[in-house]
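Okay, structure first, notes after.
Just so you know, all these numbers are worked out from the coordinates, no wet-lab data involved. Just so it is clear, the structure is predicted and the values come from calculations on it, not from any experiment. Cβ placement follows ideal geometry from the backbone for every residue including glycine, while neighbour counts extend to all protein chains displayed.
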Amino acid sequence: MRVLVVGAGATGGYYGARLAEAGRDVTFLVRPARADKLAVNGLVVESKLGDLHLAEPKTVTAAALPAAGGFDLVLLSCKAYDLAGALDDLAPAVGDGTAILPILNGMAHLDALDARFGAARVLGGSCAIAATLGPEGAIRHMSDFCTLTFGERDGFRSERCDAIETLMRDVKFQPRLSDRIVLEMWEKWVFLATLAGATTLMRGTVGDIVGAEGGRDFIAGLHDECLAIAASNGFAPREKVAAQARTTLTTEGSPLTASMLRDIEGRGRIEADHVVGDLIARGRSATPDTALPHLERVFTGLKTYEGRRAREQAA
């Protein structure tokens with residue numbers, strides 16, 4: 001199975017590197033500058049699960065992709081704000097038998113992929129990993145967990161998913177084939193929107209927020225709004241999953257924050273529209289009269305940050 005990993009950043013780079021480490025046929029679709037750096041330094045992973053140095057990772061640029069031959073699987077892990085460009089770049093790799101496995105947050109990317117390549121080619125996917133890209137391009141894996149969940153969106157088991165399951169055996173991450181992947185994507189989205197919304201608006205950890213007057217109630221109210229939107233769209237999170245999420249989101253002293261807060265503190269780009277804006281839009285579409293005061297306040301805060309960042313960069 002030939003695998004094209006779109007990008008060699010913290011997320012796609014980690015999963016692709018671990019597949020390559022296990023002897024799989026992996027090519028990274030990267031920009032020319034990243035290709036040059038990888039040619040000199042290789043692809044470096046620093047992890048509790050074992051450090052890795054791929055001295056000569058296979059790379060291809062968008063310009064050279066049409067001549068690279070066919071791919072069986074495209075692993076797509078870009079940020080939502082880079083999605084449109086990524087779709088243009090990877091298009092030459094998509095043939096009749098190509099499966100696309102996106103591991104972005106939210107749901108809007110599925111609509112974009114379906115429209116561009118057809119729903120039959122697009123799997124559901126989700127990942128959980130704490131990783132970042134160091135200043136010299138090394139991937140720093142910052143915990144001992146890294147999961148990758150995938151499956152057919154209709155819930156049926158397929159030959160291609162069986163092949164992907166085989167591809168991902170004996171690698172240094174935790175793959176899992178799911179028969180309810182869309183529900184699991186919604187469950188993650190509900191949790192992430194709550195975590196990102198609360199920690200970015202309040203500029204603190206879960207523990208900081210819970211310890212502040214009114215903080216626990218704010219997180220609970222925000223979580224309730226996200227849960228209601230998922231339910232109104234036909235994907236109510238399972239009780240056990242929702243209860244565990246609520247516990248995690250309201251734990252006293254918790255150091256947990258969302259990566260979106262770290263992006264804001266680093267003056268970086270954020271996925272405001274994809275993670276929060278689209279959730280609000282789907283909620284309003286399903287139940288137009290439902291009030292979403294917590295989510296709307298969060299979204300206003302995120303868009304304010306984006307506006308300020310754009311103004312400061314233009315100055």
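Checking the a/c ratio against 1.5 first, then a/b against b/c, what shape does the Cα gyration tensor give for segment 90-234? Judged from the Cα gyration tensor, segment 90-234 comes out prolate (a/c at least 1.5, a/b above b/c). The simple spin-label model puts a point 7 Å past each Cα toward its Cβ; for ALA120 and GLU136 those points are separated by 4.9 nm. When you count the other C-beta atoms within 10 angstrom of each residue and take the mean per peptide, 229-241, 281-293 line up highest first as 229-241, 281-293.
What shape does segment 39-132 have by the C-alpha gyration tensor, where a ≥ b ≥ c are the square roots of the eigenvalues, rounded means a/c under 1.5, and otherwise prolate means a/b greater than b/c and oblate the rest? Judged from the Cα gyration tensor, segment 39-132 comes out oblate (a/c at least 1.5, b/c at or above a/b).
Full extension from ASP217 to GLU46: what is 0.36 nm times the residue separation minus their Cα-Cα distance, to one decimal in nm? Intermediate values should be presented prior to the final figure.
Numbers: separation 171, 0.36 × 171 = 61.56 nm, distance 3.87 nm.
Extra length available between ASP217 and GLU46 comes to 57.7 nm.
Distance between the C-alpha centres of segment 81-155 and segment 296-313: 26 Å, rounded to the whole angstrom.
GLU56 to ALA315: FRET efficiency via 1/(1 + (r/R0)^6), r the Cβ-Cβ distance, R0 35 Å, to the nearest 0.05?
Details: r = 43 Å, r/R0 = 1.22.
About 0.25, to the nearest 0.05.
Which FRET efficiency value, to the nearest 0.05, do you get for ALA128 and ARG269 by plugging their Cβ-Cβ distance into 1/(1 + (r/R0)^6) with R0 = 22 Å?
Numbers: r = 21 Å, r/R0 = 0.97.
Once the sixth-power term is evaluated, E becomes 0.55.
Here the label points at MET1 and ASP224, each 7 Å from Cα along the C-beta direction, are separated by 4.4 nm in the simple model. Listed by chain and number, the aspartates and glutamates placed with their C-alpha closer than 19 angstrom to that of LYS240 are ASP179, GLU184, GLU187, ASP224, GLU225; residues fewer than eight positions away on the same chain are left out. Quick check on segment 101-183: of the DSSP beta bridges with both residues there, what percent are antiparallel, nearest 5%? Of those bridges, close to 70 percent are antiparallel. The length gained on full extension between ARG297 and ASP96, counted as 0.36 nm times the residue separation minus their Cα-Cα distance, comes to 67.9 nm. Only helices enter the 222 nm calculation for the chain: every DSSP H run of n ≥ 4 contributes -39,500 (n - 2.57), and dividing by all residues gives -14000 deg cm²/dmol, rounded to 500.
Using the Kyte-Doolittle scale, find the helices of the chain whose mean hydropathy is at least -1.0 and whose Cα atoms extend 27 Å or more along the helix's long axis, counting only whole DSSP H runs. Write down the numbers at each step before the final one.
Numbers: long enough: 181-202 (31 Å, 1.13); 293-314 (32 Å, -1.18).
In the chain, the long hydrophobic H runs are 181-202.
Computed from the Cβ-Cβ distance with R0 of 30 Å, the FRET efficiency linking ARG153 to ALA63 stands at 0.40. Which of the aspartates and glutamates could a cross-linker span from LYS48 if the Cα-Cα distance has to be under 20 Å and same-chain partners fewer than 8 positions apart are dropped? Answer for LYS48, where 20 Å is the Cα cut-off: GLU21, GLU136, ASP144, ASP170, listed by chain and number. Is the shape of segment 168-315 rounded, prolate or oblate, going by the alpha carbon gyration tensor and its root eigenvalues a ≥ b ≥ c, with a/c under 1.5 for rounded and a/b larger than b/c for prolate? It is rounded, given that a/c, with a ≥ b ≥ c, falls under 1.5. Placing a label point 7 Å from the Cα of LYS240 along the Cα-to-Cβ direction, none of the residues of segment 148-187 has a backbone N under 13 Å of that point. Spacing of the modelled spin labels on GLU165 and ARG24, each 7 Å from Cα toward Cβ, amounts to 1.5 nm.
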